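Only the coordinates and a few stated rules stand behind these numbers; no lab work does. What you see is a predicted model; the values in this text were computed from it and never measured. Virtual Cβ from ideal backbone geometry, glycine too; neighbours counted across all protein chains shown.
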Amino acid sequence: MLLNMKNLLSVAKDNHFAVPAFNISDYSMFLAVMKAAEAENAPVIIEIHPHELDCTGDDITESIKAVAHKASVPVVLHLDHGKSVELCKKCIDLGFNSVMIDASAEEYEENIRQTKEVVEYAHARGVVAELGAIAGIEDDVNVDDKYGAFTHPDQVVDFVTRTGIDSLAIAIGTAHGAYKFKPGQNPQLRFDILEEIQEKLPGFPLVLHGASSVPQASLKVLNTYGGKMPEAIGIPETMLREASRKAVCKINVGTDLRVAYVGALRKALYENPEKFDARAFITPAMDAVTALI
Ligand code: 13P
């Protein structure tokens with residue numbers, strides 16, 4: 001069934017678990033995610049980034065909704081990192097039941113204005129809005145400031161109250177992509193900041209972006225069959241579990257799916273040079289994603 005994000009996150013919050021939000025690159029990856037969710041009897045958020053939507057085309061929305069309606073588990077269709085008000089409105093009209101407005105590149109007041117506009121449009125149509133941005137490994141961190149490039153707890157109340165958003169993505173040390181930490185660096189998340197934020201916003205659903213664990217087994221397959229991703233390091237699963245026991249209700253994962261899919265694809269291509277039926281390659285890639293999840 002297709003479910004409202006607000007209801008799903010509120011169940012997650014009350015029961016201290018987080019729902020995974022998987023970024024899908026195409027329809028085959030979507031089906032692989034659904035297979036895993038149904039096998040685990042677990043709710044799932046299907047997340048599409050604007051670049052992915054450019055690749056799949058808008059019509060994939062209809063196919064996702066059709067599959068979701070028939071699914072035995074709750075499914076939410078969510079726009080990831082909507083960079084403009086127009087794109088968020090377009091996706092709401094397409095039938096997404098949750099959107100993220102990411103106006104973080106704008107000045108604070110303009111960020112609030114754009115976010116509020118999306119929230120009002122979304123709420124009038126029964127859709128919810130997530131907001132926020134996270135720091136990447138390349139971002140400068142001011143070491144003199146306790147919060148550096150992380151989310152400042154004093155700012156969150158103002159932001160949430162003035163925009164009316166339904167959930168907030170926070171920056172506590174995760175980062176998008178496969179290289180979240182420098183080689184040799186110990187993965188660390190700022191749980192102290194997470195706790196401060198949750199004290200300021202009691203009961204409010206928080207979101208963790210950039211949460212891939214980059215399993216070394218998937219990486220090994222990819223690198224064995226011609227991939228070049230040395231020294232990729234992700235977020236240890238123990239840390240994700242700890243975050244989900246606190247106020248984190250939604251955990252975004254995209255890189256892990258891509259590494260598993262492309263690794264299995266490379267392996268199948270390498271091992272079957274005589275084949276040209278696409279299914280011989282796409283099926284193991286989908287199976288790798290299902291198994292990983
Ligand atoms: P990863 O790159 O860690 O998978 O993060 C995905 C994400 O946060 C999408 O918004």
> Which of the peptides 68-76, 52-60, 95-103 is most tightly packed, and how do the rest follow, going by the mean number of other Cβ atoms within 10 Å of each residue?
Replying inline: 95-103, 68-76, 52-60
> Please state the relative contact order of region 41-96 as a whole percent: Cα pairs under 8 Å, 6+ residues apart?
Replying inline: 49
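If contacts are Cα pairs under 8 angstrom and at least 6 residues apart, what is the relative contact order of the chain in percent? Could the numbers behind the result be given before it?
Details: 543 pairs, mean separation 57.7, N = 293.
Normalised by residue count, the contact order of the chain is 20 percent.
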> At what distance in angstrom do the alpha carbon centres of region 10-83 and region 188-249 lie from each other?
Replying inline: 19
> Per residue of the chain, what 222 nm ellipticity follows from adding -39500 (n - 2.57) for every DSSP H run with n ≥ 4, rounded to the nearest 500?
Replying inline: -14500 deg cm²/dmol
>> Just want the answer: with Cβ charges of +1 for Lys and Arg and -1 for Asp and Glu, which residue in Ser84, Thr161, Val44 is farthest toward the dipole's positive end in the chain?
In response: Val44
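Under the classification rounded if a/c is under 1.5, otherwise prolate if a/b is larger than b/c and oblate if not, where does the chain fall, given a ≥ b ≥ c as square roots of the Cα gyration tensor eigenvalues?
Numbers: a/c = 1.80, a/b = 1.28, b/c = 1.40.
Oblate, since a/c reaches 1.5 and b/c is not below a/b.
Arrange Phe191, Phe30, Phe276 by Cβ neighbour counts within 10 Å, fewest through most, would you? Numbers along the way, then the final one.
Numbers: Phe191 14, Phe30 23, Phe276 8.
Lowest count first: Phe276, Phe191, Phe30.
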> Given Lys83/Lys182; Lys35/Lys267; Lys65/Lys228; Lys65/Lys267; Lys13/Lys89, which pairs have Cα atoms separated by over 25 Å?
Replying inline: Lys83/Lys182; Lys65/Lys228; Lys65/Lys267; Lys13/Lys89
> If packing is taken as the mean number of other Cβ atoms within 10 Å per residue, what is the order of 201-211, 261-271, 108-118, highest first?
Replying inline: 201-211, 261-271, 108-118
>> Testing the spin-label approximation: label points 7 Å from Cα along Cα→Cβ at Val11 and Lys83. State their distance in nm.
In response: 3.5
> Which value, in debye to the nearest 20, gives the size of the charge dipole of the chain about its Cα centre, when Lys and Arg are +1 and Asp and Glu are -1 at the Cβ?
Replying inline: 880
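Give me Lys228, Lys146, Lys180, Lys83 sorted ascending by neighbouring Cβ count inside 10 Å, so fewest comes first.
On the way: Lys228 6, Lys146 11, Lys180 23, Lys83 16.
Least crowded to most crowded, the residues run Lys228, Lys146, Lys83, Lys180.
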> So which aspartates and glutamates pass the test for Lys220, namely a Cα distance under 20 Å, with those fewer than 8 places away in the same chain ruled out?
Replying inline: Glu231, Glu237, Asp256, Glu271, Asp287
>> As a footprinting exposure proxy, order Met5, Met286 by other Cβ within 10 Å, with the fewest listed first.
In response: Met286, Met5
> Do you know the relative contact order of region 1-132, to the nearest whole percent, from alpha carbon pairs under 8 angstrom that are 6+ apart?
Replying inline: 24
